[in-house]
Amino acid sequence: MAAATVALAGGAVALGLYWLKRKLDDAREPPSVGRYPLVGSYFHLDEPLYLSMYEKFGTEPIVRVHFGTQCVYFFNRWPVFKEAMIDNAEQLTGRLPQYLLMHLLGDKGGIVLTDGEIWREYRRFTLKTLRDFGFGRHGAEEIIAIEAEHMVSTLDAAAGEPVETLMVMSTATSNVICQLVFGSRLASEDERFSEMLNLFRNLTQNSSSNFNRYIFMSVMPLVKNIPPLMELLLKVPSSKRVVENFEKLRMYCTEQQERHMKEMDSVDQARDYIEAHLLHQRKHPELFNDKRLTLAVSDLFVAGTDTTANSLRWAILYMIGNPDMAEKAHKEIVDVIGRDRLPKMQDKPSLHYTQAVIEEVHRKSCLAPFGVFHRVTEDITVGGVRLKADSICAFNVYSIHHDPELFPEPQRFLPERHLKDGQFAPCPHLATFGLGKRACLGESLARMELFIFFTALMQRYRFGLDPEDSRTLWHLTEDPEFSKGTLLRAPPLHRIVFTQRA
Ligand code: HEM
């Protein structure tokens, strides 16, 4: 009896001390969305999280969310975001440790999820190689122009019947990556490619994967110290599905690599990313190998396909919502380019209003609302808050892009924000592609694709909603439902009528 009383009293004291410590810790820390022991903020997460964080904590520079015991610091306003990513660029180059990936592959690698020397070398190699193949120069422009021609001929063939846009746009954007990476238009030429596109989508746009992500992040710090937990995690049906999808992706990339390897003996000048890698890995086998190549290739697809495709889908929807702006952009395009040829990058400097529209699409759509999570590599201070090494950080693109001090009337779609005396003057406070050393590696390619595809569509068509769809524009652009728990803020599936202009 006495022992039980002592145990109870001991438990109560421990709980009290825990509560007191947490109160003291919390007083020194930025506000939290709320949390309970062990489960963290799970029961406080109002989805979509980017929106509830903006509505409840819009004026707070940093907000904390607890994924189980793992605290994540969200930079919620521009000054702290910039202070973190620019002033502390080197210390923000870490990523979440990928124990699961390492467990599956026996290795780490790729670009998006890795860090340290492997990331640095892969990022440098990838940027250089894609640049050599015309990333940011004529090579990529030619590839995009061919895809723009295919896109408009698909839309012309629909002859005014409603078209589901995600497939058309993502086929075009993934063909661009296919050409640079595989040297062919696989997205159109291989029947299995649409299955691959669906797998990418499952990783980024499936709201049920939110729960997985929460569990994943919550248990990761424990997995490191308790290996059987990893085995258990891999048996949960939802994580099993993610692993299976990932495996299919990996197998597909491996097949493409093997096809290239067979032809490699006769090649001393690389024609695409895979060949460049295979040649490079002969010289630097200590860092570059087949497994890491597969991961780097799937990173380029996951990061480079649906991002650009969905920005285009947003642009079309915003033009439907703002027909006067659509007419103004169309007139500018026809005045500068005419109707007889497709747009080129050389036209860009003359198309001020069109560029401002695209910039406003980036601001308003907040495509990747939390970017990709970062890990702090050594102790730093941001916004007066001490972030210890291994702290996890992210940024809330939605809060930054809807800050009324930076963007008056933030809910309005206003291309004029990015014009000065009629000239394109992009607003410097956009977080679309991230900032600093880990900013989007594909930004220049994405911008080139968006310019050519969007301008080609605006030159040729009027856009309209499917008359048989009962949903309004609000359901497709503003309804919080469709972006609950997803990594990408993509409009729900819908069809658009493309009417050729006279
Ligand atoms: C509108 C289109 C796009 C948007 C909005 C976008 C946005 C982003 C964002 C927010 C990040 C994370 C930045 C950070 O961690 O702080 C990122 C990373 C990345 N993006 Fe993009 N992206 C787009 C297109 C592309 C394309 C076309 C490619 C492919 C060539 C690409 C490849 C990557 C890669 C490889 C990373 C990881 C970089 C690293 O970790 O070092 N992205 N992107």
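Worth a mention:
- Looking only at the range 143-189, and only at residues there that are of a type in the set (A, V, I, L, M) and part of a loop (DSSP other than H, G, I, E, B), the one that is farthest from the ligand (Cβ to nearest atom): Ala159
Yes or no, residue by residue, for (1) over 14 Å from the mean Cα position of the chain (by Cα); (2) open to solvent by less than 20 Å² (accessible area, probe 1.4 Å):
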site	(1), (2)
Ala431	no, yes
Gly436	yes, no
Ala439	no, yes
Gln459	yes, yes
Asp466	yes, yes
Arg471	yes, no
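- Residue check, Phe454 touching a helix residue (DSSP H, G or I) at 6+ places or on another chain (Cβ under 7 Å), free of Cβ contacts under 8 Å to residues at least 40 places away in the same chain and within 16 Å of the ligand (Cβ to nearest atom): no
- Residue check, Thr69 within 21 Å of Asp379 (Cα to Cα), modelled with pLDDT under 95, in contact with a helix residue (DSSP H, G or I) (Cβ under 7 Å, 6 or more places away or on another chain) and of a type in the set (Val, Ile, Thr): yes
- Residue within the range 273-288 that is within 19 Å of Arg363 (Cβ to Cβ) and open to solvent by 30 Å² or more (accessible area, probe 1.4 Å) present: no
- Single unsatisfied condition, Glu409 versus (1) at negative phi; (2) part of a loop (DSSP other than H, G, I, E, B); (3) open to solvent by 10 Å² or more (accessible area, probe 1.4 Å): (1)
- The range 102-117, subset open to solvent by 20 Å² or more (accessible area, probe 1.4 Å) and within 14 Å of the ligand (Cβ to nearest atom), residue farthest from the chain's Cα centre (by Cα): Glu117
- Taken over the range 473-491, the criterion of being open to solvent by less than 30 Å² (accessible area, probe 1.4 Å) and touching a helix residue (DSSP H, G or I) at 6+ places or on another chain (Cβ under 7 Å) is satisfied by Leu476, Thr477, Gly485, Thr486, Leu488, Arg489, Ala490, Pro491.
- Residues within the range 104-121 that are closer than 18 Å to Ala303 by Cα and either touching a Gly at 6+ places or on another chain (Cβ under 7 Å) or among the acidic types (Asp, Glu) (or both), tallied: 1
- Here Ala425 meets the list (1) small (Gly, Ala, Ser); (2) within 16 Å of the ligand (Cβ to nearest atom); (3) surrounded by fewer than 16 Cβ atoms within 10 Å (Cβ to Cβ) almost entirely, failing just condition (2).
- Of all the listed residues (Asp290, Asp272, Asp306), the sole one being within 26 Å of the chain's Cα centre (by Cα) and within 13 Å of the ligand (Cβ to nearest atom) is Asp306.
The values are calculated or read from the model by the stated rules, or taken from the named source; none is laboratory data. Fair warning: this is a prediction, and the values are worked out from it, not measured in the lab. Here Cβ is always computed from backbone atoms with ideal geometry, including for glycine, and neighbour counts include all displayed protein chains. The protein model used for the area step is the full one, side chains on, heavy atoms only, and it has no ligands, DNA or RNA in it. Shrake-Rupley method; radii C 1.70, N 1.55, O 1.52, S 1.80 Å.
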